[in-house]
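The values are calculated or read from the model by the stated rules, or taken from the named source; none is laboratory data. Just so it is clear, the structure is predicted and the values come from calculations on it, not from any experiment. No Cβ is skipped: glycine too gets one built from the backbone with ideal geometry, and neighbour counts run over all protein chains shown. With ligands, DNA and RNA removed, areas are computed over all heavy atoms of the protein, side chains included. Shrake-Rupley method; radii C 1.70, N 1.55, O 1.52, S 1.80 Å.
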Amino acid sequence: EQGADAYDFAHDKIREVAYQALSNVRRRLLHRRVAEALESVYHSTLDEISGQLATHYEQGGALDQASAYFRRAGERAARQFASQEALRYFQHALTLTPDANSEERYQLLLLCEKVHEIQGQSDQRYQNLLDLQKLVMTDLGLSVQTQAREAEVAAALAQYYRQTGNYAAAIHMAQTAIAQAQASETQAIAAKGYYVLGFTYWGQGKMALARTPLEQSVQSAHALGLDALEARAMEQLAATEMFSGGDAAIIQDYLQRCLAIYHRQGDLYGQASICNKLIFLPLAQGDSNHAEAIQAFERGMALSGQIGAQGLEAMLTSNFGYLHVFAGNYTQAATWQATALQLARAMKDRMREAATLTYMGECAFQQGNFVEAGVHHNACLAIAKKIESEQWRSKAIHGLSCLCRVQGEYEQAVALSQTALESAQMVGDSRVIGNALIGLGHAWIGLGQLTKAAPIYQEVYAIRHRLLQVNRSMEALAGLAQIALQQAVLPQAQHYVEQILAHLAVSQLEATDEALYVYMTCHRVLMAAKDNRATDLLHCAHEQLQARAATLEDDAMRQLFWSAASHAEVLIVMQKAR
């Protein structure tokens, strides 16, 4: 007894017995009365008790009201990024919705798709999309509305196919979505179709093709007041610029404009996605100051964990692992990359899998583990060919060309570098073009073809400066200095070295073999000129190598690291200097 006229159950079993003692009719009546009372008392905050209301109405036999509240509870859970809870509510609403109510079933399946897209659940998501497609084809009458629905489903399927690396299907579905949307005059869906089409071309490495539909999507979304889509398309335009050697200032402007929209809308997914690009930007530019990138990673991981976005988590961890490669932190790099690879494979995200594999290849290469590097680059190449991604094909081939070069297979290195260059030119990625050219220049030097190498280094230097990649341009200057030294034109070699030293006085290179090449080339030129600064460059190279080796887990890995020819050379020269 609770007061004069209230009671509470001393034990839950008593409640169960009392409940079961009621007749079915009486029980359903009381459930409906409870639901109606709750609606009356909490009329201004129904969202918060929508799950309760749904259950009471279902138990009360009022299935239409129950389905409506289950949907409402699911929408609330989705807004809070409680994805699994949202899916449970939506699925339960579907079980209560009659097959004849095609419109409501369509809306519920579409809500499920939006949750799946964030989660990255491939199998469940694909089945949900097939259910949507079947519903549109069989249950909705032939009308303008049907065309609009078909366009909407086609756009969703295009997005799914893009994320799983089926680019041919993605392009077909995106173009279908655009055509159907235009026929039904649903410009919002057409704008999304353009976005997915541009994004798909980007995934294939066709940057020139990607730019136009992305710009169309931005313009249409802006005119229609679709801020979320405008930001998504603009973000992908930034990625297109990033992967085609665009101006860093333009890229930053795009990203900051997107971030402002995402903050204004409370779009945590969008904010986390921008964080991912802020990690990659310093890598693209060759900036050795990673403080802002680390902050972006921490922020992005917190957001992706909060909303359960595994796809974003895979991208963040993959790029963060790559960041550690260029910082010389190999154990941390391997840990993050292994996690990223596992996530990408679980979600069947072939493009992210290819990207992570080539990053792992670079990590193994920098450690002197050339066998493992070859395995990773070849695995990336196989995926790139299968999904027809030219950008990852060019990067994988470049990685293989570097492996041939460091192992003295210069003719094969030349052939692979030329293939990588042709592939990068198809993509239009100036950064990768520069990488392929620098590899070609090094290979020509290995073959003693100095006159072929010189103009290549000059071209790379011009590209790097145009892209404001001043750190990366030092390798091209070092190549020119090496040629001048071998041609016994010491004053010319010294001229290039002085430019490098002036830059090193105000900036630090990444902890990579490319930086080591710069240091040791300068050392050789300064030694030939009997310049005491040669010792400083040698110590700089040695200290960086020691710091990189210290991050390796065991003696066997460190021994392999020091056995790489360029690393062993530093030890030999150090011993002679002593």
### Summary
At 4 °C in a medium of viscosity 1.567 mPa s, region 222-341 has a Stokes-Einstein diffusion coefficient, with Rh taken as the Kirkwood radius over alpha carbon pairs, in µm² per second, of 89
### Query
Using the Karplus equation 6.51 cos²θ - 1.76 cosθ + 1.60 (θ = phi - 60°), what ³J(HN,Hα) coupling, rounded to whole Hz, does each residue of region 213-224 give in order, writing x for Gly and Pro?
x, 5, 5, 5, 5, 4, 5, 5, 4, 5, 5, 8
### Task
Can you check what the net charge comes to around VAL414, using other residues whose Cβ is under 15 Å from the Cβ of VAL414 (Lys, Arg +1; Asp, Glu -1)?
-1
### Cα long-axis angle, helix 12-21 against the chain (0 to 90 degrees, to the nearest 10)
50
### Message
Rounding to the nearest 10 and keeping the result within 0 to 90°, find how far the Cα-based axis of helix 565-577 lies from the longest principal axis of the chain.
### Response
50
### Query
What's the extension gain from THR95 to ASN289 if we count 0.36 nm per residue and subtract their Cα-Cα distance?
64.4 nm
### Query
Counting only the heavy atoms of the protein chains, how much of SER507 is accessible to a 1.4 Å probe, in Å² to the nearest 10?
40
### Query
Where the accessible area of region 318-432 is counted over protein heavy atoms with a 1.4 Å probe, how much of it, in %, is carbon and sulfur?
51
### Sequence-distant lysines (8 or more away, or on other chains) whose Cα lies within less than 28 Å of LYS395
LYS206, LYS277, LYS348, LYS385, LYS386, LYS452
### Message
Angle check, please: helix 390-406 long axis (alpha carbons) against the longest principal axis of the chain (alpha carbons), in degrees 0 to 90, nearest 10.
### Response
30
#### Entry: Carbon plus sulfur fraction of accessible area for region 155-240, probe 1.4 Å, in percent
54
### Query
Just the accessible area per residue of the chain, please: how many Å² with a 1.4 Å probe?
44
### Query
Quick one: if you stick a label point 7 Å off each Cα along the C-beta vector at ALA183 and ALA18, how many nm between them?
6.2
